[in-house]
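Colleague: A single structure is presented below for examination.
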Amino acid sequence: MTKEKKRILVTDDDAVSRRMLNGVLSKRGYETVEYDSVDSALAAMRLPGAPGIVILDRNLPDGDGLEACRKYRALAGAEMKYIILLTVKGSKQDIVDGLAAGANDYITKPFDGAELLARVEVGARFIELHKALEAKITELSAALGHVKKLQGLLPICMHCHKIRTDKKIWERIESYISAHAEVKFSHGVCPECEKKYYPE
């Protein structure tokens, strides 16, 4: 991860569980931003600059953590979050349901501190890679925006070699190409023309 402050959004209605999570995560240099309900967590996750990693308890007073995952993943334009569900339910079907709802990982209570940190580090690497990919896509999109291409059939005069534009105007070939491609012309004399026009 980067050297900036590492933050994790933790949602659990049990104050003891939040303190335990904070204790484990703070030793690795993470700062927790804590909430105790689905509604408060979803509102916080939508905020600009919200933490990229979310630890979400499955059973909350105002709803199911699975539903919170579904609602967030369904938001148009929502930032990528690495969501870890934390719950006492640990059957294979519970894990399948959690991942199907949009969670990236699933940890059962009581959690092991070393395992939790290892999974959080996976999430941190995931978020960093996603940010790097987004930056590269933005960079490539900007580059493509500056690329101009010549396509299709261009009518050209067989004598003066002017090109007829879409507006039915005849234009010098170098002017047309300069306007439609990232090309600049410099003038010179080819060997044949040199012999023809400058015989001496």
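The values are calculated or read from the model by the stated rules, or taken from the named source; none is laboratory data. Note that the coordinates shown come from a computational prediction; the quantities given were computed from them, not determined experimentally. Note: ideal-geometry Cβ built from the backbone for every residue, glycine included; neighbour counts use all protein chains shown.
Colleague: Mind telling me which of the residues 102, 90 ends up being at pLDDT below 85, in contact with a strand residue (DSSP E or B) (Cβ under 7 Å, 6 or more places away or on another chain) and within 30 Å of residue 17 (Cβ to Cβ)?
Modeller: Matching residue, one of 102, 90: 90.
Colleague: What are the residue pairs meeting all of these: first residue in the range 74-99, first residue surrounded by 18 or more Cβ atoms within 10 Å (Cβ to Cβ), second residue of a type in the set (D, E, K, R) and assigned to a loop (DSSP other than H, G, I, E, B), Cβ atoms under 6 Å, and 6 or more apart or on different chains?
Modeller: Close Cβ pairs satisfying both conditions: 85/58; 87/58.
Colleague: What are the pairs with Cβ atoms under 6 angstrom where one residue, in the range 165-179, is within 16 Å of residue 151 (Cα to Cα) and the other, located anywhere, is among the β-branched types (Val, Ile, Thr) and at pLDDT 85 or above? Sequence gap at least six, or different chains.
Modeller: Listed by first residue and then by second, the contacts come to 173/163; 176/163.
Colleague: Can you pull out every residue in the range 5-17 that is basic (Lys, Arg) and modelled with pLDDT of 90 or more?
Modeller: Correct list: 7 only.
Colleague: A further question follows. Could you check, for the range 128-147, whether at least one of its residues is surrounded by 15 or more Cβ atoms within 10 Å (Cβ to Cβ) and within 30 Å of residue 27 (Cα to Cα)?
Modeller: Scanning the range 128-147, I find at least one residue that is surrounded by 15 or more Cβ atoms within 10 Å (Cβ to Cβ) and within 30 Å of residue 27 (Cα to Cα), so the answer is yes.
Colleague: Got a number for residues in the range 39-65 being surrounded by fewer than 22 Cβ atoms within 10 Å (Cβ to Cβ) and farther than 19 Å from residue 127 by Cβ?
Modeller: The number of residues fulfilling the criteria is 8.
Colleague: Still on this structure, I have one more. Could you check residue 152 against (1) surrounded by fewer than 15 Cβ atoms within 10 Å (Cβ to Cβ); (2) on the phi < 0 side of the Ramachandran plot and say which number it fails?
Modeller: (2)
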